[in-house]
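K.L.:
Pasting a structure here, questions to come.
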Amino acid sequence: AGVEAGAYLGRHLALALKNLGRFAEVEDLVYLDDLTHLFNSRYLELVLDKEFKNATKAEKPFSLLFLDLDYFKSVNDTHGHVVGSKLLVEVSRVLKACVRDNDVVCRWGGDEYVLLLRGTDSGGALKVAERIRRAVESHRFLAREGFGLNITTCIGIASYPEHAQEKDALLDFADRAMYRGKKGTRNIIYMASKNLEATPASRHQDPQRPR
């Protein structure tokens, strides 16, 4: 009887753990972008809160890269949204290949991405940003599908504690720096500074909005 009871409890424990695992998977999906399977803006908010706490205690810098693809709308207009979506997925793979495993790559929404570079000051972030800019510029996207599309990106950089000591301010500085590039030559990197123009109010709506 004792053996049977033990087996019974064992089966139920295994089932409970299995269900717990499924619950964890569902919970994780809340923080993943449906298209690219990168982390989303919800996860970025959480990880930034944690990063600020850890960085303040350890007095370690970290940086944000805010990326926006140049003329992405023309890809959708010319080739359709299905091709545009596939391109965004391939961009996500290029970005992940340019950073370390402990860095965080998020799809902010539309054709925008945000990268958190742990333990990286503005000088180190500039090197990573240039690596990404070159990788995107030189990559022929959807070559296997017969398109071989070329695309470029604008990247804004903001670093803690150099540019801001608070989450929303750091994101805003990185966004402003990126937007400065969008208004200029594009395919460029800008470092945050206090005299950069604020981005339009429309950019501060729900970042997960469809485009």
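K.L.:
Among the residues of segment 55-74 satisfying the criterion of being exposed (fewer than 15 other Cβ atoms within 10 Å of the Cβ) and in a loop (DSSP other than H, G, I, E, B), which is modelled with the highest pLDDT?
P.N.:
The qualifying residue modelled with the highest pLDDT is Tyr71.
K.L.:
Any idea how many residues of segment 184-200 are open to solvent by 40 Å² or more (accessible area, probe 1.4 Å) and among the β-branched types (Val, Ile, Thr)?
P.N.:
Total meeting the criteria: 2.
K.L.:
Working only within segment 167-183, note down all residues that are under 20 Å from Leu48 (Cβ atoms) and either open to solvent by less than 40 Å² (accessible area, probe 1.4 Å) or assigned to a loop (DSSP other than H, G, I, E, B) (or both).
P.N.:
Passing the criteria: Lys167, Ala169, Leu170, Leu171, Phe173, Ala174, Asp175, Ala177, Met178.
K.L.:
I would also like to ask the following. If you go through segment 148-162, how many residues are in a loop (DSSP other than H, G, I, E, B) and in contact with a strand residue (DSSP E or B) (Cβ under 8 Å, 6 or more places away or on another chain)?
P.N.:
Final tally of qualifying residues: 4.
K.L.:
Taking segment 25-54 as the region of interest, how many residues are within 24 Å of Glu112 (Cβ to Cβ) and either part of a loop (DSSP other than H, G, I, E, B) or among the hydrophobic types (A, V, I, L, M, F, W, C) (or both)?
P.N.:
So the count comes out to 17.
K.L.:
Still on this structure, please answer the following. Can you tell me which residue within segment 120-147, out of those that are closer than 23 Å to Asp101 by Cβ and not in a helix (DSSP H, G or I), is least open to solvent (accessible area, probe 1.4 Å)?
P.N.:
By that ranking, first place goes to Thr120.
K.L.:
While we're here: When segment 97-119 is examined, which residues are found to be open to solvent by 20 Å² or more (accessible area, probe 1.4 Å) and in contact (Cβ under 8 Å) with a residue 24 or more places away in the chain?
P.N.:
Answer for segment 97-119, where residues must be open to solvent by 20 Å² or more (accessible area, probe 1.4 Å) and in contact (Cβ under 8 Å) with a residue 24 or more places away in the chain: Ala97, Val99, Arg107, Trp108, Arg118, Gly119.
The values are calculated or read from the model by the stated rules, or taken from the named source; none is laboratory data. All values derive from a computational prediction rather than experimental measurement. Glycine gets a Cβ as well: all are built from the backbone with ideal geometry, and neighbour counts include every protein chain shown. Ligands, DNA and RNA are excluded from the accessible area calculation, which covers all protein heavy atoms including side chains. Shrake-Rupley method; radii C 1.70, N 1.55, O 1.52, S 1.80 Å.
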